[in-house]
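The values are calculated or read from the model by the stated rules, or taken from the named source; none is laboratory data. On a predicted model such as this, the values are computed, not experimentally measured, just so you know. Every residue, glycine as well, gets a Cβ built from its backbone with ideal geometry; the counts of neighbours run over all protein chains shown.
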Ligand SMILES: [Fe+2]
C-alpha cells in the first residue's frame, strides 16, 4: 500500500531562528504579512525579534492579535476580514496551537468557497491556501508541521477536525527562545501532548517506516529532557530538545495519525473545558495498559527508548514497562488527575456514553492497535478517573 510522507518544505530550528522569519518571507516573493497571534504573545514582547526581521527585509505587516485559547469559526471569519482589509498577501502565525490552527483555516478559506465547517473531515479542501509561515511559541501541538486544524463550531459546540495536505504551512520556524517564558504547568501539559502524539503515532495501525523514525526520536527526547525543561524553564538546551521533540512528534502523527488517546481526549476537552495537553495526559497510561497486548513489540521498544532495561524479559513484560516509564514522568512533572482538574466522577459517568460516541465518530480510535467498542471506551474513562 502506498504511503505519503509530508512535512513543510522549509523547517528552521535553533535558538534565534525566529530572527530569520523576515528573510524567509522575502524569499517567498510576498510583500505584506498578517500576523496571527494572541494578546499575551504581544504583551510579553515575543514578537520583537520577528518584527525586527520583517522590517530589516522590507516586509510590511499588520497584527491580528485577537486569537482566543480555543480557535473558533468566528475568529476565522474575523481573520479573513482583517487580511482583506489590510491587503495582505501572506499569513504569519505566531503562538500556540490556537494561533496556528486559526491561521491554517484562514489561509484556505481565503481561496475556497463556503464556510470552514463545509470542510470538516479529511481531504475536502480543493484549492491551495495563501502562503503560511508558522512560528510556535509552545512546544507540544506540533501544528507548525501538521496537515490538521481543529476549529470549534460554536453554533453546534463541535470541535471540528479538518485535515488535508493543503493545510501544511510552507515554512515552520521552531525557536526555543520563544518557549522560555512558558510556566512549568504549561510546559508539562504541552510536553505531554507531544508525548501522546509520538506514542500514538508509533503504535498507530497507520505507522510507517518514516513516521517511526520521527516518533521514536521524539519519545527519546521527551523522556530525556521534558523533566529538565519543566524544572528550569531557562535551561535552553532542554527547551531546544523539547521543541524539536514536539516538531518531530507532529511530523510523526501527521503521517501516521493519532489513536485512542486523542480520540477520547477531545470529548473531555469539549465537555469539561480541560486544556488539550492535560486531557490527553490523564488518559495516556490507562489507554497504553489497555492497548499494549495488541502489539507488545512496539510497546517494548517504547520501554527501551524511555531508558528501561528489558534484557531477560519476555516481550509482554518488556511492553508493560512503557506504562511505568510514562507514569514516572507524569508523576515527576506533576500532571494533575481528573479529580484535581475539577471533573466530578458522577458527571463523567453520566456523560461517558455520549463522549464514547464522539470519540468513535472522530475516527482516531480506529487507528488504535487494540480495537474498542463504545462500552470499552466508557470503561476506559472510568478506569482513567480512578488510576
Ligand atoms: Fe494533540
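Of the conditions (1) crowded, with 24+ Cβ neighbours inside 10 Å; (2) under 28 Å from residue 294 (Cβ atoms); (3) away from the ligand (no atom under 15 Å from the Cβ), residue 196 fails just one. Which one is it?
(3)
How many of the residues in segment 1-33 are out of contact with any helix residue (DSSP H, G or I) (no Cβ under 8 Å at 6 or more places or on another chain) and over 29 Å from residue 210 (Cβ atoms)? First the steps, then the outcome.
From segment 1-33, those out of contact with any helix residue (DSSP H, G or I) (no Cβ under 8 Å at 6 or more places or on another chain) are 1-2, 9, 17, 24, 26-32; that's our starting set.
If we keep only those that are over 29 Å from residue 210 (Cβ atoms) as well, we get 26, 29-32.
Matching residues across segment 1-33 total 5.
Taking only segment 181-193 into account, find how many residues are modelled with pLDDT of 95 or more and either within 16 Å of the ligand (Cβ to nearest atom) or touching a helix residue (DSSP H, G or I) at 6+ places or on another chain (Cβ under 8 Å) (or both).
Within segment 181-193, the subset modelled with pLDDT of 95 or more is 183-193.
With either within 16 Å of the ligand (Cβ to nearest atom) or touching a helix residue (DSSP H, G or I) at 6+ places or on another chain (Cβ under 8 Å) (or both) added as a condition, the list becomes 184, 186-193.
Result for segment 181-193: 9.
Considering only residues of segment 228-272 that are within 16 Å of the ligand (Cβ to nearest atom) and not in a helix (DSSP H, G or I), which is modelled with the lowest pLDDT? Reasoning before the result, please.
Quick first cut of segment 228-272, residues within 16 Å of the ligand (Cβ to nearest atom) only: 242-243, 245-270.
Within this subset, residues satisfying the condition of being not in a helix (DSSP H, G or I) are 257-259.
Working: 257: 92, 258: 96, 259: 97.
Residue satisfying both the conditions and the ranking: 257.
A quick yes/no check of all residues on (1) modelled with pLDDT of 95 or more; (2) over 30 Å from residue 230 (Cα atoms); (3) in contact with a strand residue (DSSP E or B) (Cβ under 9 Å, 6 or more places away or on another chain):
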residue: 336; (1), (2), (3): yes, no, no
residue: 345; (1), (2), (3): yes, no, no
residue: 348; (1), (2), (3): yes, no, no
residue: 353; (1), (2), (3): yes, yes, no
residue: 356; (1), (2), (3): yes, yes, no
residue: 361; (1), (2), (3): no, yes, no
residue: 370; (1), (2), (3): yes, yes, no
residue: 374; (1), (2), (3): yes, yes, no
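What's the total number of residues in segment 75-101 that are within 16 Å of the ligand (Cβ to nearest atom) and in contact (Cβ under 8 Å) with a residue 60 or more places away in the chain? I'd like the intermediate steps shown before the answer.
Residues of segment 75-101 within 16 Å of the ligand (Cβ to nearest atom): 95-101.
From what is left, the residues that are in contact (Cβ under 8 Å) with a residue 60 or more places away in the chain are 96-100.
So the answer is 5.
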